[in-house]
Amino acid sequence: MITGKLIGLRAIEEADLELLKDWRNLPSFRRNFREVRELGIESQKRWFKMIYDNSMRDFMFGIVDLEDGKLIGACGLLYINWIIRSADFSFYIGKDHAYMDDKGYAEEATRLLIEYGFNNLNLHKIWMELYEFDTTKYNFFTQKFNFKQDALLRDNCFEDGKYWNSHIISLINGQ
């Protein structure tokens, strides 16, 4: 386990799948994810198998509260491209349907995952795609962790009856 002061990052377990599915299916969460379909337990099991079958491409972690050991969210470095040493950053806090939180969990989990990506996996760039209405995450990553905007993809999402842009933001190791 990768540990901080408040939280730890550990491998996703099959026992986590039901809770992860429930969080991912929250409409307030799902609108921010590329996967827009309602997820069932069978799709979660296929995803879990894919994560372990692609163990050198996808690094997913459960975020656990060190005080009680309970799962509070999930994060990962996905679609790793080992040639250009980049990974897509995935992240949410499910506990109390927070998505992002103000208790320090999100900040510590982000810091631990970025450090793991740069210092253990030797990544050069960590990036993510955020829809323009996801201002909470956009502001969190650009203001607290200095992610920079790489691109704007116009009309790249359809939500609430209209098209929205996507921001591609990234953090370069050492910058």
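The values are calculated or read from the model by the stated rules, or taken from the named source; none is laboratory data. Since the model is a prediction, treat every value here as computed from it, not as a measurement. In this analysis, Cβ positions are derived from the backbone assuming ideal geometry, glycine residues included, and neighbour counts consider all displayed protein chains.
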Looking at region 138-172, which of its residues are polar (S, T, N, Q), farther than 19 Å from Phe33 by Cβ and loosely packed, with under 15 Cβ neighbours inside 10 Å? Gln143, Asn146, Gln149
Is it true that some residue in region 37-59 is touching a Ser or Thr at 6+ places or on another chain (Cβ under 8 Å) and closer than 21 Å to Leu113 by Cα? no
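If only one of Asp88, Asp96, Asp102 is over 16 Å from the mean Cα position of the chain (by Cα), of a type in the set (D, E, K, R) and farther than 16 Å from Phe140 by Cβ, which one is it? Spell out how you get there, then give the answer.
Numbers: Asp88 fails: over 16 Å from the mean Cα position of the chain (by Cα); Asp102 fails: farther than 16 Å from Phe140 by Cβ.
On inspection, the qualifying residue turns out to be Asp96.
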Report, by residue number, each residue of region 89-116 that is within 19 Å of Arg57 (Cα to Cα) and small (Gly, Ala, Ser). Ser90
Within region 77-95, track down each residue that is part of a strand (DSSP E or B) and farther than 21 Å from Ile12 by Cβ. Asn81, Ser86
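Could you tell me whether Gly69 is in a helix (DSSP H, G or I) and out of contact with any Phe, Trp or Tyr (no Cβ under 6 Å at 6 or more places or on another chain)?
Numbers: in a helix (DSSP H, G or I): no; out of contact with any Phe, Trp or Tyr (no Cβ under 6 Å at 6 or more places or on another chain): yes.
When the stated conditions are applied, Gly69 does not pass them.
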Output for Cβ contacts, cut-off 7 Å, separation at least six or different chains, first residue under 14 Å from Met100 (Cβ atoms) and surrounded by 15 or more Cβ atoms within 10 Å (Cβ to Cβ) in region 23-37, second of a type in the set (Gly, Ala, Ser) and modelled with pLDDT of 70 or more, reads Trp23/Gly94
Could you look through region 1-22, keep only residues that are among the acidic types (Asp, Glu) and surrounded by fewer than 16 Cβ atoms within 10 Å (Cβ to Cβ), and pick out the one that is modelled with the highest pLDDT? Glu13
Scan Leu130, Leu123 and give me the residue that is surrounded by 12 or more Cβ atoms within 10 Å (Cβ to Cβ), touching a residue at least 60 places away in the same chain (Cβ under 8 Å) and in contact with a strand residue (DSSP E or B) (Cβ under 9 Å, 6 or more places away or on another chain). Leu130
